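To start, the structure under review is shown below, and the notes come after it.
The values are calculated or read from the model by the stated rules, or taken from the named source; none is laboratory data. Since this is a predicted model, take the numbers as computed values, not measurements. Note that we place each Cβ from the backbone using ideal geometry, even for glycine, and neighbour counts take in every protein chain shown. Protein only, heavy atoms only, side chains kept; ligands, DNA and RNA dropped before computing areas. Shrake-Rupley method; radii C 1.70, N 1.55, O 1.52, S 1.80 Å.
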Amino acid sequence: MKIGVISDTHLGGVTKELMDIFDRHLKDKDVVIHAGDVVSPEVIRFLSQKTFHGVQGNMDPPEVKELLPDRVTVELAGFTIGIIHGWGAAAGLEERILPMFQGVDVLIYGHTHRPLNEVDDGVRLFNPGTATGYSASGNHSMGILEIDDTIRADIIRL
């Protein structure tokens, strides 16, 4: 199973940039996950061309928050994946969100706009960075998870 992971798109609608990301990196994936700050229901509808899982972020308006939970746990190919956006300062975010999920193999989150791919006490912490939003470094990124007997995770620079 191949999963495309994006976050922090901060788009008011479907843009050419998002369509290009979809065509180049998501079209061939089995599942698309968005870790919050979607901003537009139109983006949710667009990404739902694939099996879609998403959560609301702190910048999402009420019409997005009506469509997406604040956090969710999904089972994919025998692995448990937690998804949350995050909130507050970037420093210490992982320590705030990890206790909210028990028994997950992967915890996908966003908010910081900085990619992270590391294992903490047996849980893979995976932040794809920002696909199309503000980036202090000027870099945009997304993530790919590949699941068979194990989970492989990669950050892709856009």
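Key figures
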item	result
Residue order for 104, 39 - accessible surface, 1.4 angstrom probe, largest first	39, 104
Contact order normalised by residue count of the chain, Cα under 8 Å, 6+ apart, percent	24 percent
Shape metrics for the stretch 1-153, restricted to C-alpha atoms - Rg then Dmax, Å	14.0, 40
Extreme residue, positive dipole direction of the chain, given options 62, 134, 110 (C-beta unit charges)	134
Note, ³J(HN,Hα) from phi for the stretch 121-135, Karplus 6.51, -1.76, 1.60, rounded to Hz, x at Gly and Pro	6, x, 10, 6, 8, 9, 10, x, x, 9, 6, 9, x, 5, 9
CD proxy at 222 nm, helix term only [per DSSP H run n ≥ 4: -39500 (n - 2.57); per residue of the chain; nearest 500]	-3000 deg cm²/dmol
